[in-house]
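Encoded as structure tokens, the structure appears first; notes follow it.
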Amino acid sequence: MSHHQTVVVIDYGTSNLRSVARALEHVSDRKTRIVVSGSIPEIRAADRLVFPGQGAIGQCMRHLQEQGLDDCIRECIATKPFLGICLGLQSLMDSSDEDGGTPCLSLIPGRVVRFEDSRASGDQAFKIPHMGWNQVWQQSAHPLWRDIGDGSRFYFVHSYYVVPEESSVVTGATEYITRFTSAVARGNMFACQFHPEKSQQAGLTLLHNFLHWNI
């Protein structure tokens with residue numbers, strides 16, 4: 001049986017890659033091979049790339065640079081459908097305020113900032129990290145939103161969020177303490193702050209749409 005496409009989930013030494021790979025396997029057909037790999041040749045040979053991430057961005061960027069994966073991602077992002085998840089979104093910006101200031105991949109102009117500590121907004125004290133289910137309001141039509149209702153709920157875990165310089169790249173917005181960008185899209189890149197692999201039906205639909213996205 002020949003595979004028609006290979007999807008690489010980029011492994012840069014973080015946890016939680018298996019759950020992303022399992023969710024992709026769940027929505028894929030037999031013609032799709034899902035591989036978890038940190039190997040530059042395998043990433044270059046992939047038809048599609050998924051860059052998930054959890055944890056601290058300083059550690060993430062250090063690891064990418066040490067492995068030469070930062071340049072590899074920049075190169076591959078020019079031509080392949082790319083899905084960034086959580087830190088995979090934040091890493092696309094110019095820099096993050098996390099870890100005393102961390103330069104990122106500079107693929108989308110913008111920066112990553114921390115939620116303001118809000119002790120009381122009305123009667124509600126917002127906890128940081130923002131954790132749990134929240135609605136995503138679609139800011140533009142996109143193939144990855146197909147069959148996902150506007151305002152659908154997705155699962156979040158984060159203390160930092162992206163502030164892109166150009167509003168044209170914002171395709172999803174969410175309210176928590178402030179209204180923040182929860183998904184961006186440009187060309188063959190789509191990246192989200194929420195975790196589709198933990199977001200039940202809406203998340204699986206988004207992953208399915210990614211596997212069938214023709215750029």
When the chain is fully extended, how far beyond the present Cα-Cα distance does Glu42 get from Met131, taking 0.36 nm per residue of separation?
28.7 nm
Among Ser167, Ser37, what's the order by accessible area (1.4 angstrom probe), most exposed first?
Ser167, Ser37
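Write down the percent of antiparallel bridges among all DSSP beta bridges whose residues are both part of the chain, to the nearest 5. Don't jump to the answer; show the numbers that get you there.
Working: 27 of 47 bridges.
Given both bridge residues lie in the chain, the antiparallel proportion sits at roughly 55 percent.
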May I ask for the distance between the Cα centers of the stretch 28-81 and the stretch 96-111, given as a whole number of Å?
18 Å
How many nm is it between the label spots at Arg30 and Gln5, if each spot is 7 Å from the Cα in line with the beta carbon?
1.9 nm
Carbon plus sulfur, as percent of the 1.4 Å-probe accessible area of the stretch 108-215, comes to 46 percent
Unit Cα scatterers, Debye sum, the stretch 100-215: log10 I(q)/I(0) for q = 0.13, 0.23 Å⁻¹
-0.52, -1.41
Please list, ordered by chain and number, the residues whose modelled amide H lies under 5 Å from the amide H of Tyr176; skip anything fewer than 5 residues away on the same chain.
none
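Sorting Leu107, Leu49 by accessible area (1.4 Å probe), largest first, what list results? Before the final figure, lay out the partial values.
Details: Leu107 30, Leu49 0 Å².
Largest accessible area first, the residues go Leu107, Leu49.
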Taking a ≥ b ≥ c as the square roots of the Cα gyration tensor eigenvalues, with a/c under 1.5 meaning rounded and otherwise prolate when a/b beats b/c, else oblate, which class fits the stretch 150-200?
oblate
Explain nothing, just the number: dipole magnitude of the stretch 11-119 about its Cα centre with +1 on each Lys and Arg Cβ and -1 on each Asp and Glu Cβ, in debye rounded to the nearest 20.
480 debye
Signed unit charges on C-beta, dipole axis of the stretch 83-154, positive-most listed residue Cys104, Ser91, Ser140
Ser140
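For Cα pairs less than 8 Å apart in space and 6+ apart in sequence, what is the mean separation divided by the residue count of the stretch 1-158, i.e. the relative contact order in percent? Present the calculation step by step, with values, prior to reporting the outcome.
Details: 250 pairs, mean separation 25.6, N = 158.
Dividing the mean separation by the residue count of the stretch 1-158 yields 16 percent.
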How large is the accessible surface per residue of the chain, computed with a 1.4 Å probe and reported in Å² as a whole number?
45 Å²
Loop by DSSP (not H, G, I, E, B), at most 11 other beta-carbon atoms within 10 Å: where is the longest site-free stretch of the chain for trypsin sites (Lys or Arg not before Pro)?
120-215
Quick one: dipole size for the chain, taken about the Cα centre, charges +1 on Lys/Arg Cβ and -1 on Asp/Glu Cβ, in debye to the nearest 20.
560 debye
Going from most exposed to least, what order do His195, His63 have by accessible area with a 1.4 Å probe?
His63, His195
Using percent of Cα pairs over 23 Å apart as the read-out, say which of (i) 67; (ii) 50; (iii) 42 was calculated from these coordinates.
(iii)
Using a 1.4 Å probe on the protein heavy atoms only, what accessible surface does Glu175 show? Give it in Å² to the nearest 10.
90 Å²
In degrees, nearest ten, helix 200-211 long axis to first principal axis of the chain (Cα):
50 degrees
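Under the definition of Cα pairs under 8 Å and six or more residues apart, what whole-number percent is the relative contact order of the stretch 157-215?
Values: 62 pairs, mean separation 13.5, N = 59.
The normalised contact order for the stretch 157-215 reaches 23 percent.
Over the stretch 1-70, what percent of the accessible surface lies on carbon and sulfur atoms, probe 1.4 Å? Before the final figure, lay out the partial values.
Details: 1460 of 3390 Å².
C and S atoms contribute 43 percent here.
The values are calculated or read from the model by the stated rules, or taken from the named source; none is laboratory data. Since the model is a prediction, treat every value here as computed from it, not as a measurement. Counting neighbours? That spans all protein chains shown, and the Cβs are built from the backbone with ideal geometry, glycine included. Heads up: the accessible areas ignore ligands, DNA and RNA and are worked out on the full protein's heavy atoms, side chains in. Shrake-Rupley method; radii C 1.70, N 1.55, O 1.52, S 1.80 Å.
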